[in-house]
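One structure is given below, encoded as structure tokens.
The values are calculated or read from the model by the stated rules, or taken from the named source; none is laboratory data. Values in this document were obtained by computation on a predicted structure and should not be read as measured data. Counting neighbours? That spans all protein chains shown, and the Cβs are built from the backbone with ideal geometry, glycine included.
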């Protein structure tokens, strides 16, 4: 359903070009409310599909020149201050199912929190997915970036992933089809993940839960998880640690506007309360410059930066 309070002129005619939907289609949705940094401009249009068929029909009928940007819980995302053009897609509870299948496999929808996936595996006595309890995102995001932590990556446990292309057609990808590398999957940028199947290994539930508790305690002790942050900012360079290079370059605690390099873990940027997305991005680029000058290493962003700069 469309928002009755929004007419076509509120989006420059974009709303008038939208297909009929059964889900919710709204104008100027505030993305700062849903991203962990709590910054960024609005989504021109936000679509929350009622179910898979609604999403497929929408994609099939949507004009091809209109961009579609899927987002999860915004934990590894920096939305620029000018917001997102086109349609921002958020999958809800209709894509949040988790089922345990034969042979130790677990099927999870793309909007399932990584932590909830780990908990479901633990309840089923399946080991190998504990690392997901230390990743603050969703299954869809984990697939897109080969998310990993504590010595394990998505590619180590994935059996297959299901995605929709820009026309709404369904594709089943085996793990070997994903083109996984460090924090990357070689899958078309405009494909939307909707589901994944993982392989667990039989284990003792108490031991699995103990390992998850250790991961949670480690995160609490070493990362600023109570702050307005976005997770690890930069990828670890081959053979090194991003946080060490940032520290050695003298960036711990560095500030630009309301954005700060965390004192607790300097591969995390923090919105101290008044930061703009521009502050955070500028700070990240300043960190990259200082690390390059100090060590010769060109740090690469791990956080995904999307949207338009403020005018």
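Assorted remarks:
- Residue 52 falls short of the stated requirement of being modelled with pLDDT of 95 or more, more than 30 Å from residue 202 (Cβ to Cβ) and crowded, with 19+ Cβ neighbours inside 10 Å.
- Any hit, region 142-162, residues being modelled with pLDDT of 95 or more and closer than 14 Å to residue 208 by Cβ: yes
- The residues of region 89-118 that are buried (at least 20 other Cβ atoms within 10 Å of the Cβ) and closer than 17 Å to residue 157 by Cβ, listed by number, are 106, 108, 109, 110, 112, 113, 114, 117, 118.
- Condition check for residue 230: over 30 Å from residue 295 (Cα atoms) and in contact (Cβ under 8 Å) with a residue 24 or more places away in the chain: no
- Any chance residue 147 is outside the structural domain of residue 230 (by TED's automatic domain parsing) and surrounded by 23 or more Cβ atoms within 10 Å (Cβ to Cβ): yes
- Residue match in region 188-200 (condition: closer than 19 Å to residue 121 by Cβ, surrounded by fewer than 16 Cβ atoms within 10 Å (Cβ to Cβ) and at pLDDT 95 or above): no
- Residues that are closer than 26 Å to residue 82 by Cβ and not in a strand (DSSP E or B), drawn from region 245-261: 254, 257, 258
- Taken over region 122-142, the criterion of being in a strand (DSSP E or B) and under 15 Å from the mean Cα position of the chain (by Cα) is satisfied by 138 alone.
- Selection from region 249-268 of residues that are surrounded by 15 or more Cβ atoms within 10 Å (Cβ to Cβ) and either farther than 12 Å from residue 223 by Cβ or modelled with pLDDT under 95 (or both): 249, 251, 252, 254, 256, 257, 258, 259, 260, 261
- Taken as a whole, the condition of being over 26 Å from residue 223 (Cβ atoms), touching a helix residue (DSSP H, G or I) at 6+ places or on another chain (Cβ under 8 Å) and surrounded by 18 or more Cβ atoms within 10 Å (Cβ to Cβ) does not apply to residue 78.
- In this structure, residue 286 qualifies as without any contact (Cβ under 8 Å) to a residue 40 or more places away in the chain, outside the structural domain of residue 185 (by TED's automatic domain parsing) and touching a strand residue (DSSP E or B) at 6+ places or on another chain (Cβ under 7 Å).
Yes or no, residue by residue, for (1) within 26 Å of residue 95 (Cβ to Cβ); (2) touching a residue at least 40 places away in the same chain (Cβ under 8 Å); (3) not in a loop (DSSP other than H, G, I, E, B):
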| position | (1), (2), (3) |
| --- | --- |
| 172 | yes, no, yes |
| 179 | yes, no, no |
| 198 | yes, yes, yes |
| 216 | yes, yes, yes |
| 225 | yes, yes, no |
| 238 | no, no, no |
| 243 | no, no, yes |
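- So residue 294, is it more than 28 Å from residue 86 (Cβ to Cβ), part of a helix (DSSP H, G or I) and modelled with pLDDT of 95 or more: yes
- Where strands (runs of 3 or more DSSP E) fall wholly inside region 59-121, the ranges with 3 or more residues that are more than 15 Å from the chain's Cα centre (by Cα) and not assigned by TED's automatic domain parsing to the domain that holds residue 200 are 84-90.
- Only a single criterion out of (1) modelled with pLDDT of 95 or more; (2) assigned to a loop (DSSP other than H, G, I, E, B); (3) within 29 Å of residue 87 (Cβ to Cβ) is not satisfied by residue 232, namely (1).
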